[in-house]
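The structure appears right after this line, and notes come after that.
Each reported figure results from applying straightforward, stated rules to the coordinates on display, with no laboratory input. Quick caveat: nothing in here was measured; it's all calculated off a predicted structure. Methodologically, a virtual Cβ is constructed for each residue, glycine included, from the backbone with ideal geometry; neighbour enumeration extends over all protein chains shown.
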Amino acid sequence: MNGITQIVILSYIYEHIQELPWDYALYIEGNPPWVETTRCAVLDPDDVGDYEETPQFAVANLLRYALSIADIQDIYDNARIQLGTVSIETFIQALNYYFLNDAFIIFTSNDFQ
């Protein structure tokens, strides 16, 4: 699967996390906390012209670099190792936490009471 050169929502990323190219990046709208319906795209971060740092598709759609797909896959895998299964809500919580803290979230039993 190549990148997604179209606008999708974050729940799409969750549903297709293992199919996304690890060497691409998530470009996203706005600042965290992100939610299931936050607009985003998966793009090749190297698909830029001379003197550009952001792919033109991201610029045109007001998206900014968030994280590499490899990081996002690691975030999902870390949550899955801790919890067994990962809901969309848990994935987004872990994604927001990682983006804001540059660290994996550690889930405790209090998180699910």
Cα-based helix-to-principal-axis angle, 88-101 vs the chain, degrees rounded to 10: 70 degrees
Taking the dipole about the Cα centre of region 4-112, with the C-beta of Lys and Arg at +1 and of Asp and Glu at -1, give me whichever of Leu67, Tyr98, Pro21 is farthest to the positive side. Tyr98
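When N is the residue count of the chain, what does its C-alpha Rg come to as a fraction of 2.2 N^0.38 Å?
Normalised Rg, Cα atoms only: 1.07.
Assuming a ≥ b ≥ c are the square roots of the Cα gyration tensor eigenvalues, decide whether region 34-75 counts as rounded (a/c under 1.5), prolate (otherwise, with a/b larger than b/c) or oblate.
On the way: a/c = 3.03, a/b = 1.42, b/c = 2.13.
Oblate is the answer for region 34-75, as a/c is 1.5 or above yet b/c matches or exceeds a/b.
Let me have the 222 nm mean residue ellipticity of the chain computed from DSSP H runs of 4+ only, each contributing -39500 (n - 2.57), with the sum over all residues rounded to the nearest 500.
Working: 4 runs with 40 residues, N = 113.
Calculated from helices alone, the mean residue ellipticity at 222 nm is -10500 deg cm²/dmol.
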Of Val42, Val59, Val86, the one that fluctuates the most in a GNM where the chain has Cα springs shorter than 10 Å: Val59
Which angle between 0 and 90 degrees, to the nearest 10, do you get for helix 69-83 versus the longest principal axis of the chain when only C-alpha atoms count? 10 degrees
Once you've got the GNM for the chain with C-alpha springs shorter than 10 Å, pick whichever of Thr54, Thr90, Thr37 has the biggest mean-square fluctuation. Thr37
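Would you work out the relative contact order for the chain, in percent, from Cα pairs under 8 angstrom that are 6 or more residues apart? Write out the running numbers ahead of the final one.
On the way: 165 pairs, mean separation 29.0, N = 113.
It rounds to 26 percent for the chain.
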